[in-house]
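Below is one structure, written out as structure tokens; comments come after it.
The values are calculated or read from the model by the stated rules, or taken from the named source; none is laboratory data. What you see is a predicted model, and the numbers here were worked out from it, not measured in a lab. Cβ sites come from the backbone with ideal geometry, for glycine too, and all protein chains shown count toward neighbours.
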Amino acid sequence: MSDAATTTINDVEAYVKGIAEEARKASVELARTSTKVKNRALREAAALVRQCTSDIQKQNRLDLEAGKAKGLSSAMLDRLELTDSRLEGVATMLEEVAALPDPVGEVTDLRVRPNGMRVGRMRVPLGVIGLIYESRPNVTADAAALCLKSGNACLLRGGSEAIHSNTVLAKLLQEAMTDNGLPKAAVSFIETTDRQAVRAMCRLRGLVDVIIPRGGKSLIEAVVEHATIPVLKHYDGNCHVYVDQYADAQMGRDICLNSKIQRPGVCNAAETFLVHKEQSGDFLENLLADLKAKNVEVRGCAKTLELYPDLKAATEEDWSEEYLDLIVALKIVDSFDEALEHIEKYSSRHTDSIVSNDYAATQRFLREVDSSSVMINASTRFSDGGEYGLGAEMGISTDKMHARGPMGIVELTCQKFIVYGDGHIRT
């Protein structure tokens, strides 16, 4: 397998449009592809990832070396690295998606009208799904798998920091497609790192049905500004863990610690801890000791600083910040209602969790916190398509559209009305 290389394109807009046109043709064929063929291609892709681990990691090292030279943060480098276990995770994900029920063609809500006509809904693919993403090369495989299983073609544009990793993975996936009689353009990959490609993708009305940006706020804002087609998005992962007065102390410490440090550079890591004042004694002292032992910088509210003056003071900006690093904001709240008010004001509507043994409080939290994932006594790190049984995710939508939260194969389809008549005419 030869080294991946950045493709230089003279006319980026024409290049992107040409790839999108092939993806559109492929989408027509994919919409009618059988479940058996789709699953066979996914299983072959998994086998290829396992067979080519060393080749993939060779390309990944090029990206890691370039990232270090550019001064990427440790969190960004962590997102970029393809370890043995992560590549095995990619292969396992491909097999899990193959094992999922195929949503395409599912008929629901079939009802008989008073005139005898039957009306229902059928689930169908969206068509061509564009994904613009940064850092994590495993997203290349996630997107391809989910789009294939849901009968969609994908148009992928990864970040420049992962160009070698993304390219080699895309080629393996394309090989699995063609080996099973599917069009190579089922997995369409834009090989240029030219930023004009992002703007060109956003203007592909009529060729691309939806754009999903995965990355920093500046990327998402740029996509929203330039897009002439629907965008599914989330801007930030400002996730909260609220430790209620009725929380089990050890559970609270475990959940806070896991939510923050298990993988701090991802969008479902907790960025703010809210601690009820009744937990500001031994619980808070032990939690701060835990965080210090894990090199987590704590930025505290005024009440926290009264108890622990050596901590750094949290600013107003800290309450809205997505750190993606070993930093957490911490606020002592006087009541459950104050915790809800804080989350309502500052949450990015991604994932928020309560730790409590009070049934009434937990049920209020579920009802009143307006986020795409709301949790009771669980780490925010579980807000993930794979952990939810979706196989993988195309992204996490915080919009209130047809898809909200982790987007799996069902969320990459829509429904059309179907009608069974017997010569019916309207009078």
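Before moving on, here are some points about what is shown:
- Sub-6 Å Cβ pairs linking a first residue in the range 330-347 that is surrounded by 12 or more Cβ atoms within 10 Å (Cβ to Cβ) to a second residue that is acidic (Asp, Glu), at least 6 apart or interchain, are 340/368; 343/352, ordered by first then second residue.
- Within the range 400-427, being in contact (Cβ under 8 Å) with a residue 60 or more places away in the chain and farther than 30 Å from residue 349 by Cβ holds for 417, 418, 419, 420, 421, 422, 424.
- Sole residue being among the hydrophobic types (A, V, I, L, M, F, W, C), within 17 Å of residue 44 (Cα to Cα), part of a helix (DSSP H, G or I) and assigned by TED's automatic domain parsing to the domain that holds residue 44, chosen from 222, 197, 176: 176
- In the range 200-210, the residues that are outside any strand (DSSP E or B) and either touching a residue at least 12 places away in the same chain (Cβ under 8 Å) or touching a helix residue (DSSP H, G or I) at 6+ places or on another chain (Cβ under 8 Å) (or both): 200, 201, 202, 203, 204, 207, 209
- Residue within the range 366-379 that is touching a residue at least 12 places away in the same chain (Cβ under 8 Å), in contact with a Ser or Thr (Cβ under 7 Å, 6 or more places away or on another chain) and β-branched (Val, Ile, Thr) present: yes
- Some residue of the range 141-157 being surrounded by fewer than 20 Cβ atoms within 10 Å (Cβ to Cβ), more than 15 Å from the chain's Cα centre (by Cα) and either among the polar types (S, T, N, Q) or closer than 21 Å to residue 37 by Cβ (or both): no
- Helices (runs of 4 or more DSSP H) fully within the range 22-140 that include at least 3 residues being within 29 Å of residue 264 (Cβ to Cβ) and without any contact (Cβ under 8 Å) to a residue 40 or more places away in the chain: 53-70, 84-99.
- Single unsatisfied condition, residue 213 versus (1) touching a Phe, Trp or Tyr at 6+ places or on another chain (Cβ under 8 Å); (2) assigned to a helix (DSSP H, G or I); (3) buried (at least 18 other Cβ atoms within 10 Å of the Cβ): (2)
- Options 248, 290; residue that is more than 29 Å from residue 73 (Cβ to Cβ) and either modelled with pLDDT of 95 or more or touching a Ser or Thr at 6+ places or on another chain (Cβ under 6 Å) (or both): 248
- Those residues of the range 380-427 which are charged (D, E, K, R), touching a Ser or Thr at 6+ places or on another chain (Cβ under 7 Å) and outside any loop (DSSP other than H, G, I, E, B), in sequence order: 381
- For residue 265, the stated conditions hold: it is at pLDDT below 95 and not aromatic (Phe, Trp, Tyr).
- Among the residues making up the range 349-376, those that are within 22 Å of the chain's Cα centre (by Cα) and not in a strand (DSSP E or B) are 349, 350, 366, 369, 370, 371, 372.
- Note on the range 234-267: residues that are touching a residue at least 40 places away in the same chain (Cβ under 8 Å), surrounded by fewer than 22 Cβ atoms within 10 Å (Cβ to Cβ) and basic (Lys, Arg) total 1.
- Top-ranked residue of the range 56-75 - restricted to ones that are under 22 Å from the mean Cα position of the chain (by Cα) and of a type in the set (S, T, N, Q), ranked as nearest to residue 173 (Cα to Cα): 60
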